[in-house]
Amino acid sequence: MKAILGKKVGMTQIFAESGEVIPVTVIQAGPAVVTQIKTAETDGYDAVQIGFEDQKPQRVNKPMTGHFEKSGVAPKKYLAEFRNDEGETYELGQEITVADFEEGKKLDITGVSKGKGTQGNIKRHGHHRGPMTHGSKHKRLAGALAGATYPSRVFPGNAGPGRMGRDTVTVQNVELVKIDTDRNLMLVKGAVPGGRGSLVKVRYAVKGQGK
C-alpha cells in the first residue's frame, strides 16, 4: 500500500546532477499514525485507517474521542482509509513517515482542486467565442442548446455554465524526486491538485510502477 497523508506546501524547482531543472511540488507528509485496522473477518475487507496532524482534544466529539482512545493515539485532525496490499501488516499506533518511501518511485496523489466558483461555458469547457464585430450580440454566450421542433428540449449533460473546480482529482504516476526525512518533506515532479495548505493523499502508484 505505502500511503501517507500530507499538506501541499507549494511549488519550487531543483537541479538534477545533470544540471537539468526539475519543477517540483513540496509536500509536508506525515508523520501519520495507524488509528484503525479493518479485517475481512470483522469488516468484510482489509484496510488500514491513518490519522494526520494533532487536534486539540476539546475539538473532538465523544465518539471520535473514544475511537482515538481505543487506538491509543492522540486525537487527529484528518483521517483516511487505504486498502491493504496482500501480505502487508500494520499495528495500532504504528507511525508512517516519508522514510518509508523510496526516491525514484511513482506516486498517485489525490487532492481537492482549487474552487473557481460559478463560471461560463468558455472558461469551464473551453468553448469558442462568438464573432466580436458587425453588431454581433453573441460574444461569450452559450449559443443554441436545442432544436425548436425536434428534439424540443435540452439533452441532459449539456456542457454549460456552472460550478467549476473543488473536485477530487488524482494525478497518476508522479515521480518522487527527493525525500527530506528531517523535515518530513516529499518533492514530487510536476503539479499536484489543490491550493497551498490543502490536504493530499499520497500512495505508491497502482499502475506504471517501475517505468
Q.
Can you tally the net charge around residue 47? Count Lys and Arg as +1, Asp and Glu as -1, for every other residue whose Cβ sits under 9 Å from the Cβ of residue 47.
A. -1
(Q) I'd like the Karplus ³J(HN,Hα) series for segment 99-106: coefficients 6.51, -1.76, 1.60, θ = phi - 60°, whole numbers in Hz, and an x wherever there's a Gly or Pro. (A) 5, 7, 9, 10, 5, x, 6, 9
**Q.** Residues of segment 127-189: accessible area per residue with a 1.4 Å probe, Å²
**A.** 76 Å²
Q. What number, rounded to the nearest 500 deg cm²/dmol, is the helix-based mean residue ellipticity at 222 nm of the chain, given -39500 (n - 2.57) per DSSP H run of at least four residues and division by all its residues?
A. -2000 deg cm²/dmol
Q: Please give every one of the lysines within straight-line cross-link reach of residue 123, meaning a C-alpha to C-alpha distance under 17 Å, and leave out same-chain neighbours fewer than 8 residues apart.
A: 114, 139
Q) In degrees, nearest 10, range 0 to 90: what is the angle between the Cα axis of helix 62-71 and the longest Cα principal axis of the chain? A) 50 degrees
Q. When the Cα centres of segment 107-175 and segment 42-62 are compared, how far apart do they sit, in Å?
A. 38 Å
Q: Name the most mobile residue of 196, 183, 129, meaning the one with the largest mean-square fluctuation, in a Gaussian network model of the chain with Cα contacts below 10 Å.
A: 129
**Q.** Residue with peak Gaussian network fluctuation, the chain [Cα springs, cutoff 10 Å], from 13, 49, 58
**A.** 58
(Q) Can you give me the long-range amide H partners of residue 105? Hydrogens built in the peptide plane at 1.01 Å from N, cutoff under 5 Å, separation of 5 or more residues or another chain. (A) 176
Q | Candidates 96, 122, 22: whichever shows maximal mean-square fluctuation once the chain is modelled as a Gaussian network with Cα springs under 10 Å | A | 122
Q. If you wrap a convex hull around the C-alpha atoms of the chain and split its volume per residue, what is the figure in Å³?
A. 229 Å³
Q: Could you look at the chain and say what percent of its accessible area is carbon and sulfur, using a 1.4 Å probe and all protein chains?
A: 48 percent
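The values are calculated or read from the model by the stated rules, or taken from the named source; none is laboratory data. Because the structure is a prediction, the values reported are computed rather than measured. For neighbour counting, all protein chains shown are included, and Cβ atoms are generated from backbone atoms with ideal geometry for every residue, glycine included. The accessibility values were calculated without ligands, DNA or RNA, using every heavy atom of the protein model including side chains. Shrake-Rupley method; radii C 1.70, N 1.55, O 1.52, S 1.80 Å.
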